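Down below is the structure, laid out as structure tokens.
The values are calculated or read from the model by the stated rules, or taken from the named source; none is laboratory data. Please read all numbers here as calculations on a predicted model, not as lab measurements. Here the Cβ is made from the backbone with ideal geometry for all residues, glycine too, and neighbour counts use every protein chain on show.
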Amino acid sequence: MAIPVLTIDGPSGAGKGTVSRAVAKKLGWNYLDSGSIYRSLAIAVLKQGVDLADESAIVSVAQTMALEFDCHDELVVRLDGVDITAKLGLESTGSTASIIAALPEVRRVLLQKQQDFKQLPGLVADGRDMGTVVFPDAKNKVFLTASAAERAKRRYKQLIEKGNDANLPRITTEIEERDRRDSERKNAPLAVAGGALYIDSSEMTLDAVIEEVLNLIR
């Protein structure tokens, strides 16, 4: 029996995680947050003080890190047995993840870890290259985006609500820089997969986006 896969790709802050988790829960499918895999590696690399220019050292960390995902309600991620969920959303984590995600050998090592999530009854995979590289044969693909200004406002609101310091202009600049880096990288750049449903959520409610994605599956 073929295992159905829904890929939801898009830039940072587009709401992929929230939409993907909601859709997976409604369908009763498994969920893959590929960004958390890269962010977890970023946390491990920063903790060990690895030089971001040393690809072989980063690959070594990727090969040895032990990750656990608990996605029953909110996503909980454990790195080597320690809950690192609170660190996943930090700007330093995201920026580092974007840098190491551009390294070809790192992507190769983490590719199989992601593909292992494809299990019955189905998988909702959220990331940058799920529909183009990791699951190119998926029958259902979505590209979810929003303007950089709107994504920055959402990110700013999240950080403030969690009691973190935040600077809206700096967040906007960082998002624009990350978009450029993700789109221009030679290995698996951010791109709209062939046949993907394109959704711009800038003016949409969360429920409307979820319903549009569910309609694709139906």
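Applying the condition of being within 15 Å of the chain's Cα centre (by Cα) and farther than 22 Å from LEU159 by Cβ to segment 42-90 and asking which residue is modelled with the highest pLDDT yields PHE69.
Check segment 10-22 and report whether any residue there is of a type outside the set (S, T, N, Q), at pLDDT 90 or above and more than 29 Å from GLU177 (Cα to Cα). No - not one qualifying residue is present in segment 10-22. Considered as a group, the residues in segment 93-139 that are more than 15 Å from the chain's Cα centre (by Cα) and closer than 17 Å to VAL61 by Cβ include one that is modelled with the lowest pLDDT, and that residue is GLN112.
Can you go through GLN119, GLN114 and tell me which one is in contact (Cβ under 8 Å) with a residue 60 or more places away in the chain and not in a loop (DSSP other than H, G, I, E, B)? Talk me through it step by step, then tell me what you get.
On the way: GLN119 fails: not in a loop (DSSP other than H, G, I, E, B).
Step by step, each of GLN119, GLN114 is checked, and only GLN114 is in contact (Cβ under 8 Å) with a residue 60 or more places away in the chain and not in a loop (DSSP other than H, G, I, E, B).
Here ALA86 passes the criteria (1) at positive phi; (2) without any contact (Cβ under 8 Å) to a residue 12 or more places away in the chain except the one numbered (1).
Of all helices (runs of 4 or more DSSP H) completely enclosed by segment 124-218, which ones contain at least 1 residues that are touching a helix residue (DSSP H, G or I) at 6+ places or on another chain (Cβ under 6 Å), among the hydroxyl-bearing types (Ser, Thr, Tyr) and closer than 25 Å to SER92 by Cβ? Filter on segment 124-218 gives 148-161, 168-184. Just one of the listed residues (THR7, THR85, THR64) is surrounded by fewer than 19 Cβ atoms within 10 Å (Cβ to Cβ) and either among the aromatic types (Phe, Trp, Tyr) or touching a strand residue (DSSP E or B) at 6+ places or on another chain (Cβ under 7 Å) (or both), and it is THR85. Each residue in segment 1-57 was checked for being over 22 Å from LEU67 (Cα atoms) and among the basic types (Lys, Arg), and 1 pass. Of the residues making up segment 37-45, one or more are within 24 Å of LEU120 (Cβ to Cβ) and either surrounded by fewer than 22 Cβ atoms within 10 Å (Cβ to Cβ) or not polar (S, T, N, Q) (or both).
Looking only at segment 14-35, which residues are within 9 Å of the chain's Cα centre (by Cα) and either surrounded by 23 or more Cβ atoms within 10 Å (Cβ to Cβ) or among the acidic types (Asp, Glu) (or both)? Step through it out loud before you land on a result.
Taking segment 14-35 as the starting set, the residues that turn out to be within 9 Å of the chain's Cα centre (by Cα) are 16-17, 32-35.
If the condition is that a residue be within 9 Å of the chain's Cα centre (by Cα) and either surrounded by 23 or more Cβ atoms within 10 Å (Cβ to Cβ) or among the acidic types (Asp, Glu) (or both), then LYS16, LEU32, ASP33, SER34 are the ones that fit.
The single condition among (1) touching a strand residue (DSSP E or B) at 6+ places or on another chain (Cβ under 6 Å); (2) surrounded by fewer than 22 Cβ atoms within 10 Å (Cβ to Cβ) that VAL59 does not satisfy is (1). Just one of the listed residues (GLU161, GLU150, GLU105) is closer than 19 Å to VAL209 by Cβ and acidic (Asp, Glu), namely GLU150.
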